[in-house]
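Notes follow once the structure below has been shown.
The values are calculated or read from the model by the stated rules, or taken from the named source; none is laboratory data. Since the structure is predicted, the reported quantities are computational estimates derived from the model, not experimental observations. We place every Cβ from the backbone using ideal geometry, glycine too, and count neighbours over all the protein chains shown.
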C-alpha cells in the first residue's frame, strides 16, 4: 500500500504503486510500529478473571498481573482465591458466583468503582460433570452445567460489555474448549455448553465491535486442571501421561500456563484487531484426523 502525504490519499495495490515513477519531489510517510514492545502487555489495565482461584484461571490471573494488570480474582473457592491473591502481587480476591447475575453485576460495579474502569474480562469459570450417555442424561445436571458454563459466561459478557461500552472499549475473553468445535471431547452437557458459548462470543463480537469492544474465546484441548483431574479420578501427572499418546504435536504437554498465554494475547493490545475469534490451543488435534496419521505411521 502506498500512502501519499496528502490527507486521505491512499492508494491500494502494488501494481498501482509501481506504475507511477518516483521523483525527487515524492514524499513518504513512515509508520513506526513495534509489536514486540518491552512494555508489559497489560500495563495499567484492570482485569477480572472469573474462576481465577485454580486451574487455567489461576494461571491467567498470575500472568495478567505479571504483565502489568490490576487483577480481581472472582471465584467461589474462597481459601484458594485468597491464597492466590496473597501470593500474586497485583491480585485481589472477590467472592462471585457467576450463576447469580446480581453477584456478577456487583463485582463489575465494585471493580469500576475501585479502579475507574474495566479493561479486560476473562470469563473462565466452568464446571465439567460426568453426565453419561445422552439416553441417561440427568437434566438437572445439564441445567447446572449450562448455568455455569453458558449462562454464567453470558452474565459476565453482559455486565463487562456495559462497563466497557461506557468507557469506549475493552476486551472480553471466554474460556471455551475444543468441545465447542467437535463432539467426543466431553460429556454431551459440557459439549452443548461450549457450543453455546462460542455462539455467544461471535454474536457479542458482532454487536459490540462498533463500541470498540472485542470479544473472543480460547479453546484448549485436555489440560490437567483440578477440575479435569477430579472428573477422571487421577492426579495431574497421570492425566498428562494419558493425553500424550493422543497428541498430534509430539513432545509437548498442554498446561494451564499455555492457555493463559493465549488468553493474554487476546486480552492485550497485541490482538487489537482480533474479535469474534476462537483461538484453538490444541496442538492441531482438531485440525487433522489422528487415526489417519497413525495409520500411515505418522
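I need the full set of residues from segment 187-220 which are surrounded by 16 or more Cβ atoms within 10 Å (Cβ to Cβ) and in a loop (DSSP other than H, G, I, E, B), in order please.
187, the sole residue that qualifies.
What tally of residues in segment 141-186 results from selecting those that are in contact with a strand residue (DSSP E or B) (Cβ under 7 Å, 6 or more places away or on another chain), assigned to a helix (DSSP H, G or I) and crowded, with 17+ Cβ neighbours inside 10 Å?
Total satisfying the criteria: 8.
Out of 62, 117, which single residue is in contact (Cβ under 8 Å) with a residue 24 or more places away in the chain, farther than 17 Å from residue 193 by Cα and out of contact with any helix residue (DSSP H, G or I) (no Cβ under 6 Å at 6 or more places or on another chain)?
After ruling out the rest, the residue left standing is 62.
So, in segment 244-260, of the ones that are in contact (Cβ under 8 Å) with a residue 40 or more places away in the chain and surrounded by fewer than 16 Cβ atoms within 10 Å (Cβ to Cβ), which residue ends up farthest from the chain's Cα centre (by Cα)?
246
Okay, residues lined up against (1) touching a strand residue (DSSP E or B) at 6+ places or on another chain (Cβ under 8 Å); (2) surrounded by fewer than 10 Cβ atoms within 10 Å (Cβ to Cβ); (3) modelled with pLDDT under 50; (4) under 22 Å from residue 259 (Cα atoms):
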site	(1), (2), (3), (4)
15	no, yes, yes, no
41	no, no, no, yes
55	no, no, no, yes
62	yes, no, no, yes
75	yes, no, no, yes
92	yes, no, no, yes
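Residues in segment 228-243 that are in contact with a helix residue (DSSP H, G or I) (Cβ under 9 Å, 6 or more places away or on another chain), in a helix (DSSP H, G or I) and either at pLDDT 80 or above or farther than 16 Å from residue 178 by Cα (or both): how many?
Total meeting the criteria: 6.
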